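Peer 1: This structure is in structure tokens; I'll ask about it shortly.
The values are calculated or read from the model by the stated rules, or taken from the named source; none is laboratory data. Keep in mind the model is a prediction, meaning the values are calculated, not measured. Note that each Cβ is placed from the backbone with ideal geometry, even for glycine, and that neighbours are counted across all protein chains shown.
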Amino acid sequence: MFSRRSFLALGSLAAIDARPLAAAGTPPLTFGFITDVHHGTHGKDQRGRLTPFIDAAIARKADFIIQCGDFCCAKGGLEACADFLAEWNRFPGARHHVIGNHDCDFQGKDDLLKAWGIPHRHYSFDAGPLHFVVLDRNHYLDEAGAVVSYDKGNWYPIHRQGGPGHLARVSCIDREQLDWLARDLMATEKPVVIFQHQPSGVGTHDGNWRDLNRVIDSHNAKRGRVQVAAVLSGHDHDEQIAVRHGVHHLTLTSSTFGMPFGGNTTYYDPARPPFTFIHVDPSGRELVIEAAATTYEGQDAMKPELVWVDPPRLAARRIPLDGVASC
Ligand SMILES: [Fe+2]
């Protein structure tokens, strides 16, 4: 998302169930998370930014890696991104993908699924003690109110047109997917983490985000616990967190660039791209997001007003799993 940013919103942690601690030991699950790599946008080759992430994922023997959208803007076709995708595919374990709006600038979703090797535009999987869901928020509402899937930049006219209410017509989720999500959640008893590109509970609030949160919150209410513990997103290029009905909604920092006040795109040090590893605490009670930090490329020479008020960082956080809602 290029045009807006929101301030950090801090929420309180939810209380958690009193359950016996598992024996201390190695984390039962670790995964690598990176978002908004933006290969190909602004004419930039971001292949090198993947290298430290993939090296770390291999060294840590991560259970899987995931990119949370705006990964590969393939202006010249996905074949032109072969080297970039080969670097990603150097990780030998499971590799997951979330579709971002800019992934659909020059491609259809079927092209992305084929190039990325994922089964569907939205899907779910189990890993360790958790259930994970990947969502596709890339739809717009046409003039008649029909939901249309993003395809080769077909959503841009709405943005160009602008005007009141236009942001409610993009980043939408379709009814079929919401129904699927409700069924998918009912089919698991494990704590759930949802990945989507566009946020629904923090940061930008575009599209029918309330419809999605209604499914999540209704599910947790039925279960009487915060089974859907976290919703992790990208899109906003900064780090924000809010807790809504016990669910931790986060947007995590782009690995490539931020958008300081004034609208100037400002790149992060390519040798130190922000990404994080997330693990389940050995107790099984918490999801642990590890800290990361970087600097802007050429930060020493930047005008002070262009150095973003929030430093490019990912804060260490602990999110309760299967908690009882406290708010
Ligand atoms: Fe985006």
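Peer 1: Condition check: among the small types (Gly, Ala, Ser), within 16 Å of the ligand (Cβ to nearest atom) and either touching a Gly at 6+ places or on another chain (Cβ under 6 Å) or closer than 21 Å to residue 125 by Cβ (or both). Does residue 69 satisfy that?
Peer 2: For residue 69, the condition - among the small types (Gly, Ala, Ser), within 16 Å of the ligand (Cβ to nearest atom) and either touching a Gly at 6+ places or on another chain (Cβ under 6 Å) or closer than 21 Å to residue 125 by Cβ (or both) - is met.
Peer 1: Now for a different question. Scan the range 79-97 and give yes if some residue there is more than 15 Å from residue 35 (Cα to Cα), in contact (Cβ under 8 Å) with a residue 12 or more places away in the chain, touching a Cys at 6+ places or on another chain (Cβ under 8 Å) and within 16 Å of the ligand (Cβ to nearest atom), otherwise no.
Peer 2: No; the residues of the range 79-97 include none that is more than 15 Å from residue 35 (Cα to Cα), in contact (Cβ under 8 Å) with a residue 12 or more places away in the chain, touching a Cys at 6+ places or on another chain (Cβ under 8 Å) and within 16 Å of the ligand (Cβ to nearest atom).
Peer 1: Could you check residue 143 against (1) within 16 Å of the ligand (Cβ to nearest atom); (2) part of a loop (DSSP other than H, G, I, E, B); (3) over 19 Å from the mean Cα position of the chain (by Cα) and say which number it fails?
Peer 2: Condition not satisfied by residue 143: (1).
Peer 1: Report whether or not residue 74 is modelled with pLDDT of 95 or more and over 19 Å from residue 233 (Cα atoms).
Peer 2: In short, no.
Peer 1: Of the residues that sit in the range 284-327 and are modelled with pLDDT under 90 and under 16 Å from the mean Cα position of the chain (by Cα), which one is nearest to residue 27 (Cα to Cα)?
Peer 2: 314
Peer 1: Name the pairs whose Cβ atoms lie under 8 Å apart, with the first residue in the range 221-245 and in a strand (DSSP E or B), the second away from the ligand (no atom under 16 Å from the Cβ) and among the acidic types (Asp, Glu), and 6 or more positions between them or separate chains?
Peer 2: 226/322; 229/322; 244/217
Peer 1: Of all residues being within 16 Å of the ligand (Cβ to nearest atom) and of a type in the set (A, V, I, L, M) in the range 155-197, which is surrounded by the most Cβ atoms within 10 Å (Cβ to Cβ)? Just the residue, please.
Peer 2: So the residue we want is 173.
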